[in-house]
Each structure stands twice: as C-alpha cells, then as structure tokens.
Amino acid sequence: MEIMKNHPLSALTTVKIGGPADTLIITSSTAEFIEALSQSDPKRPPTILGNGSNILISDAGIRGTVIKNISSNIEYLPNNKVKVDSGTQLNILIQDTIAHYLSDLEEFAYIPSTIGGAIYGNIHGFNKSNFNKILLEIDVFDLSEKKVITPIIQASQLNWDYDFSQFQLHPNWVILSATLQLSPGDSKLSKKLVSDIIAHKSQTQSLNSLGSVFKNPPGDSAGRIIDQELELKGFQIGNAQISLLHANFILNLGNATASDYKAVIDTVQERAKSKLNLVLEPEIKFLGDFS
C-alpha cells in the first residue's frame, strides 16, 4: 500500500477542492484495506475516501489518516449475482456487467461514485430507484472491534431510504465489498440506455462539481427552488458558482476554495429559510474544520 504524509486531497475529489491529509493511505486490495483499518488509531478513526464526488473537504484538510481504497475486484457468481469490491468505480462495474449480459445498473450511469460510496449514500438512479434495491449482502469491517463482522450483513436487515443508509449512523462500519442481485439483460439495449442517460445528464450536470448539493424536498426539486423561488442561478462567491444549467449544482470555476463553496451553500440555505421558511438539507458531506 502507498503511505504519504501531508498529502493534498483536492486532486482526489471531483470538484478539485480541499486541503491535505496528515496521512494518506491508498490500498489496492481488500487484504490491504483490512490491514490499514486494523492498524488505525482507535482514538482517531480513519476517514474513508471514495471517489470524492459528494464531499467537500475544508481548506485546512483532514487531520489524522485518510484511506482511499481502490480495490476493484469483480466476481461473477451463479444466478446473476455479482460480488464487487467497495473501491470499484461504479461506471466500470456498469460497463463490465453489461458485457456479461446483466442488467439493473444502467440507471446509475453518469454517477461518479465507488461501490462503497453508492451503498453508503444509497444513491438514486435515473428512474429514482435507490441503490439498495439490488443489494443482497455486504461485507463490513467494524473499526471498534477491529474485525470483519460475521455473519455477513444481509442488506434486507438494514434500514434504507432516499439518500440514506444505516452506515451513516455507524461510523465504525466500513464497507469492504458487496454482493448484488442483477437480472439477465440485453447488452445492446443496455448500452443504448446508458448512452441515452449520459447524453441527457451531461447537458445540465457538470462533473466539475459535487453532484446535487441539496436533497430534494418531498414533492419538489431543490434545483427548481433555487432557480425559480430564490433566483440564485449563477450566484457566485469567489470562484464557486451555482451552475447556469442546473441550480442544484455548484461549480468550481477554476481555483475556488472550500470556504467559497461553503459560503454559496450557506447563502442558499439562509435565503430558503428566510424567504420560504424551508430548510434545504445538504446531500453532500463536509469533511474537516469549517469553523
């Protein structure tokens, strides 16, 4: 495994923002990942970094150890099941399963996530289905016990909701791998569906962002509210700007700081509260000190 001190983290995020980690460890296999987790300081649990696509890292960075797991083994099992490492890029898994004539992952195209991140955030796809719909089993390491949880956790035994998984309530649980239940598919049709979704999303959703910043209120769209109710589309602080194409996306126009980005988020929340008495809840996570 790679171990680096005082290493910048901005390049490991989609928005290219964030200070350094005291220690950055990159693991390339589940065995290395477990070893790094086993040796971590119990008084200061490590921060697990996935694809860096829905996290804002403070300008001061992250104290302690950050572990980025890039283990990406994909194993095809009988009855259309697939076991995949948590560090696997979602887009890689989608392409690989399509090549194996399996379906059900297409609607998650164009989401820059690892499998671990997809499970942790219980991401929703193009048809609004949540990721847990295809989850069977999840291999989990318990940081407090310093061991893999046995028996393996059944996804059906956990609580799931829109952008919510039980892992968010258990910071000591680290996802190692998962078994998915997919369906037989038509490779040509699946490729066409993925291509259509990417073409549709890429028109408004920039990958130079952290994805959707706010959760959609019930029955409404955060993007619509920010654009039409708050009239903040294009609003900018420093080099952080609310996208002119999709108001629930905040872009880094070049050298935006985390402080810029957070200030835009704070402004949206303050306006929503004062004008609409609405609490817009962030979909992204904040890592580091923003005080």
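The values are calculated or read from the model by the stated rules, or taken from the named source; none is laboratory data. Because the structure is predicted, anything quoted here is derived from the model rather than measured. Reconstructed Cβ throughout: ideal geometry from the backbone, glycine too, with neighbour counts over all protein chains shown.
Can you find a residue that is assigned to a strand (DSSP E or B), within 30 Å of Gly219 (Cβ to Cβ), acidic (Asp, Glu) and under 18 Å from the mean Cα position of the chain (by Cα) anywhere in the range 161-178?
Yes, the range 161-178 contains at least one residue that is assigned to a strand (DSSP E or B), within 30 Å of Gly219 (Cβ to Cβ), acidic (Asp, Glu) and under 18 Å from the mean Cα position of the chain (by Cα).
Name the residue that is surrounded by the fewest Cβ atoms within 10 Å (Cβ to Cβ), counting only residues in the range 62-89 that are free of Cβ contacts under 8 Å to residues at least 24 places away in the same chain and within 22 Å of Ile34 (Cβ to Cβ).
Checking each candidate, the answer is Glu75.
Could you list, in sequence order, all residues of the range 30-54 that are at pLDDT 95 or above and touching a helix residue (DSSP H, G or I) at 6+ places or on another chain (Cβ under 9 Å)?
Of everything in the range 30-54, those that are at pLDDT 95 or above and touching a helix residue (DSSP H, G or I) at 6+ places or on another chain (Cβ under 9 Å) turn out to be Pro46, Ile48, Leu49.
Which members of the range 90-102 meet the condition of being in contact with a Pro (Cβ under 8 Å, 6 or more places away or on another chain), of a type outside the set (A, V, I, L, M) and buried (at least 18 other Cβ atoms within 10 Å of the Cβ)?
Answer for the range 90-102, where residues must be in contact with a Pro (Cβ under 8 Å, 6 or more places away or on another chain), of a type outside the set (A, V, I, L, M) and buried (at least 18 other Cβ atoms within 10 Å of the Cβ): just Asn91.
Starting from the range 170-196, take each residue that is within 9 Å of Ile98 (Cβ to Cβ) and list its partners that are outside any helix (DSSP H, G or I), counting only C-beta distances under 6 angstrom and pairs at least six apart or across chains.
What qualifies is Gly185/Tyr101; Gly185/Leu102; Gly185/Ser103; Ser187/Tyr101; Ser190/Ser103; Val194/Ala109.
Could you identify the single residue in Gly219, Gly185, Gly238 that is farther than 27 Å from Pro45 by Cα and in contact with a Leu (Cβ under 8 Å, 6 or more places away or on another chain)? Don't jump to the end; show me each part of the working.
On the way: Gly219 fails: in contact with a Leu (Cβ under 8 Å, 6 or more places away or on another chain); Gly238 fails: in contact with a Leu (Cβ under 8 Å, 6 or more places away or on another chain).
Residue meeting the stated conditions: Gly185.
From the list Gly121, Gly116, exactly one residue is at pLDDT 95 or above, within 18 Å of the chain's Cα centre (by Cα) and either more than 18 Å from Ile197 (Cα to Cα) or polar (S, T, N, Q) (or both). Which is it? Walk me through it before giving the result.
On the way: Gly121 fails: at pLDDT 95 or above.
Of the residues listed, the single one that is at pLDDT 95 or above, within 18 Å of the chain's Cα centre (by Cα) and either more than 18 Å from Ile197 (Cα to Cα) or polar (S, T, N, Q) (or both) is Gly116.
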